[in-house]
Amino acid sequence: MQKTPVSGLYPIIDTSIVPKDKITTVAKAIISGGARILQLRAKELQVRDLMEVSLCVKEVTQRAAVTFIINDRVDVALLTGADGVHLGQEDIPLKDARSLLGPDAIIGVSTHNPEEAIEAALAGADYISLGPLFPTKTKEDAHPVRGLAILRAVAKAVKEAAPGKDIPIVAIGGITEETAPEAIASGAAACAVISDILEANDIGAKVASLIKKTA
Ligand code: TZP
Ligand code: MG
């Protein structure tokens, strides 16, 4: 099976902004705007609630053939049939997640510098995120802002470490319609966006305009 390449806009539903009972509605709005991938990032939810909402999001994403990624929880991704998982530097190591989820799962890894990005590339990450690219209020424990020069360095390092593999770099942190084009111009294949989408009055319209800015 061919994995869907990660590119363009990568919306994330974060439970610090969206309450549990609104997650499915927000997922539908994001899909209506044309998103092709969606991540659920639910640091606030107990695992049983996460299971429940993940099954709902899985249903709406699957119906629209949208890739569904779960943050942190390899077990929940496996049990709910999500397409993949997004792992931080302190989460289950990529090789262990891979052995549980199998070769077809999409596994992304958060990185903050070229060294972490090369390690993720060599370990078989399907995409590598770098952040926070710009200042963000969404992640309180975020690393210092990385900026466009580090994004360019990470993109170059990953190309050199895994030549021909074309592993997408996903920029995250402070990305808006205004800042997305410079992230793409600096080597990001995709932009992950939380607050600019979730705080929009019309989520579908916001997603549609962000897709244009990340094309
Ligand atoms: N990782 C680095 S920055 C960030 C995460 C999860 C938060 C991004 O949120 P926003 O609202 O798009 O700046
Ligand atoms: Mg994590």
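List the aspartates and glutamates whose alpha-carbon lies under 14 Å from that of K206, not counting same-chain residues fewer than 8 positions away? Partners found: E177, E178, D196.
Here is the list for region 133-215: GluC sites (Glu not before Pro) lying in DSSP coil, each with at most 12 other C-beta atoms within 10 angstrom of its C-beta, are E140, E178, E199. From the largest down, region 22-145 spans 38, 35, 29 angstrom on the principal axes of its Cα atoms.
With q set to 0.13 Å⁻¹, the log10 of I(q)/I(0) for the chain, from the Debye formula over equal scatterers at the Cα positions, is -0.66. Cross-link partners of K159 among aspartates and glutamates, defined as those whose alpha carbon lies under 14 angstrom from its own and excluding same-chain residues fewer than eight positions apart: E115, E116, E119, D126. For the pair E182 and E90, the difference between a 0.36 nm per residue extended length and the Cα-Cα distance amounts to 30.2 nm.
Per the Kirkwood treatment, what hydrodynamic radius in Å, one decimal, follows for region 92-215 from the mean inverse distance over all distinct Cα pairs? Radius from the Kirkwood sum: 14.9 Å. Prolate is the label for region 79-126, because the ratio a/c of its alpha-carbon gyration tensor axes (a ≥ b ≥ c) is 1.5 or higher and a/b is greater than b/c. Averaging the Cα positions of each part gives two centres, and for region 97-153 and region 189-215 these lie 20 Å apart. Compared with the direct C-alpha span, the chain from L100 to A123 gains 6.8 nm at full extension, assuming 0.36 nm per residue. Annotation: extensible slack from K159 through S16 equals 48.1 nm (criterion: 0.36 nm per residue apart, minus Cα-Cα distance). Within region 85-134, the GluC sites (Glu not before Pro) that combine a DSSP coil assignment with at most 11 other C-beta atoms in a 10 angstrom radius are E90.
None of the figures in this text is laboratory data; all of them are computed from the coordinates on show. None of the values given here were measured: they were computed from a predicted structure. Cβ coordinates were reconstructed from backbone atoms using ideal geometry, including for glycine residues, and neighbour counts include every protein chain displayed.
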